[in-house]
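Structure first, then comments.
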Amino acid sequence: MEFKIKNEYFNKAVGEVSSAISAKTPFPILTGIKLTACENHLRLTGSNSDIVIEKVIPAADEGAELEIVKTGSVVVTSRYLTELIKKLPGDIHIKVNEKHNVTIISDEIITYINGFPAEQYPKLPEFDNSHEIQISSVKLSAIIKQTVFAASKNDTRPVLTGVHMIVKENHFSCAATDSHRLAFLQTRIASASKGSFIVPGSSLKELLKLLAHQEESEVQIFSSESYLVFKTKSIMLCSRLIEGKYPDVTGLIPNEAKTVIKLDAKKLLKGIDRACLFALEWKNNNVLLEIKEGALKISSVSSAIGKIEETQPLLEITGERELSISLDGNFLMDALKAIQEEHVLLSFSGSMKPVIIKPVSGESYIQLVSPVRSY
């Protein structure tokens with residue numbers, strides 16, 4: 001095996017796949033990056049058995065200046081390869097002999113690393129791509145950003161650490177909840193496929209990083225019994241799914257609202273942010289919202305520091321005109337940051353019922369935040 005490649009391209013590719021590798025794995029082979037030189041492309045693979053990232057660099061990509069001298073494959077320890085490539089000054093020339101010894105040449109620098117046989121590297125699961133889903137990378141990134149933050153960070157209930165993705169009748173929906181808040185988004189897609197998947201939030205955060213460095217493209221999504229694959233022309237992420245039954249989140253959403261108010265989203269976010277400064281001593285970062293005399297009062301109290309309160313005008317109000325509720329300020333800020341619109345609607349069903357936060361433009365995106373005790 002032998003190939004030459006521009007340092008910048010190889011360094012970027014190594015960095016992308018190495019994020020899937022864990023140094024704590026009991027399998028030494030999984031501490032490495034698998035390099036496969038084919039006639040018309042170079043493929044890099046990294047895995048920790050729960051997630052697999054694969055990067056393809058085509059020989060036709062002029063910027064990469066990739067030249068495949070001899071085909072073959074080898075596994076190289078990720079830690080040393082990653083750090084070495086960062087420190088090499090010039091373009092990369094890699095040779096591998098029959099004993100899996102790797103020679104890396106850059107300008108006048110020659111490095112020798114012992115590799116592993118590629119045959120020992122785990123094979124990818126088999127996938128059924130006959131029922132693939134296609135969605136733009138920009139749209140998929142937006143959906144993930146607007147939901148994944150609400151997934152639980154506590155492993156007590158593993159299913160809640162994931163995002164529930166459902167494909168049905170040309171609709172694609174995502175839901176995430178930690179039982180105290182909920183983010184739910186539904187959008188239309190051109191697909192006749194059906195499926196229900198609980199994808200780990202950690203895998204989706206890795207996917208976001210990968211898509212952020214790609215040009216806008218179509219993402220193909222297809223599944224096996226235990227995995228879900230996200231694939232573009234140059235990158236693939238394969239994630240193990242979480243087993244179990246995801247709760248029916250529709251039952252968490254109140255059917256009727258006693259009060260609905262419309263506010264300036266950015267102004268409200270800044271007000272909640274200020275109030276959180278005085279809410280830190282509370283277990284749930286308590287921020288008090290009060291609707292009174294056609295305005296919204298935002299306040300929080302710290303016994304050690306003092307108190308902050310401000311009043312913001314309501315753009316619209318329907319229903320009961322007085323209400324008081326205590327909410328987790330951090331949860332509120334997360335929800336408001338995820339809604340990328342000028343105005344936002346807050347729907348209240350009572351002082352001890354969840355608050356619904358959604359954009360003015362439609363019903364397809366809902367944020368829910370449960371109230372907290374104020375004592």
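The values are calculated or read from the model by the stated rules, or taken from the named source; none is laboratory data. Everything numeric in this text was worked out from a predicted model, so none of it was measured. Cβ: placed from backbone, ideal geometry, glycine included. Neighbour counts: every protein chain shown. Side chains are part of the model used for accessible areas, which takes the heavy atoms of the whole protein and leaves out ligands, DNA and RNA. Shrake-Rupley method; radii C 1.70, N 1.55, O 1.52, S 1.80 Å.
Data table
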read-out: Residue 212/residue 307 FRET efficiency (R0 45 Å; Cβ-Cβ; nearest 0.05); value: 0.65
read-out: For peptides 198-204, 10-16, sequence by mean Cβ density within 10 Å, most packed first; value: 198-204, 10-16
read-out: Out-of-range pairs (alpha-carbon distance over 25 Å; input 4/87; 95/205; 34/233; 12/270); value: 95/205; 12/270
read-out: Net charge, residue 166 excluded, C-beta distance under 14 Å - Lys, Arg +1, Asp, Glu -1; value: +2
read-out: Neighbour net charge for residue 179 - beta-carbon separation under 14 angstrom, K R +1, D E -1; value: -1
read-out: Chain lengthening between residue 196 and residue 243 when straightened (0.36 nm per residue, less Cα-Cα); value: 15.8 nm
read-out: In nm, spacing of pseudo-spin labels at residue 8 and residue 139 (7 Å Cα→C-beta vector); value: 3.2 nm
read-out: Mean accessible surface per residue for the chain, computed with a 1.4 Å probe while every protein chain stays in place, in Å²; value: 51 Å²
read-out: Theoretical FRET efficiency, 1/(1+(r/R0)^6), r = Cβ-Cβ of residue 65 and residue 189, R0 30 Å, to 0.05; value: 0.20
read-out: Quarter of Cα convex hull surface for region 292-334, i.e. mean projection, nm²; value: 4.0 nm²
read-out: Segment residue 295-residue 315, length gained on full extension (0.36 nm per residue, minus Cα span); value: 6.3 nm
read-out: Residue-span extension gain [residue 155 to residue 91] - 0.36 nm each, minus C-alpha spacing; value: 18.6 nm
read-out: Using a Förster distance of 41 Å, the FRET efficiency for residue 107-residue 226 (Cβ separation, nearest 0.05); value: 0.35
read-out: Label-point separation, residue 205 to residue 23 (7 Å along Cα→Cβ), nm; value: 1.9 nm
read-out: Accessible carbon and sulfur surface of the chain relative to its total accessible area, %, 1.4 Å; value: 50 percent
read-out: Protection proxy ranking of 251-261, 287-297 - average other beta-carbon atoms within 10 Å, highest first; value: 287-297, 251-261
read-out: Qualifying trypsin sites (Lys or Arg not before Pro) in region 115-149, DSSP loop, other Cβ atoms within 10 Å at most 13; value: 123
read-out: Interatomic Cα distance distribution for region 267-375, bins of 5 angstrom, percent; value: 2, 12, 24, 26, 22, 10, 3, 1, 0
read-out: For peptides 64-71, 30-37, sequence by mean Cβ density within 10 Å, most packed first; value: 30-37, 64-71
read-out: Among 200, 78, 131 - extreme Cα towards positive end, dipole of the chain, charges at beta-carbon; value: 200
read-out: Student exercise, the chain dipole from Lys, Arg, Asp, Glu Cβ charges, in Debye to nearest 20; value: 800 debye
read-out: Region 71-123 and region 18-56: distance between their alpha carbon centers, rounded to Å; value: 13 Å
read-out: Cα lying deepest toward the dipole's positive end in the chain, options 163, 300, 121, charges on Cβ; value: 300
read-out: Given charges at Cβ of Lys, Arg, Asp, Glu: region 252-375 dipole, positive-most of 278, 354, 369; value: 278
read-out: Computed helical MRE - 222 nm, the chain, DSSP H runs ≥ 4 contributing -39500 (n - 2.57), nearest 500; value: -5000 deg cm²/dmol
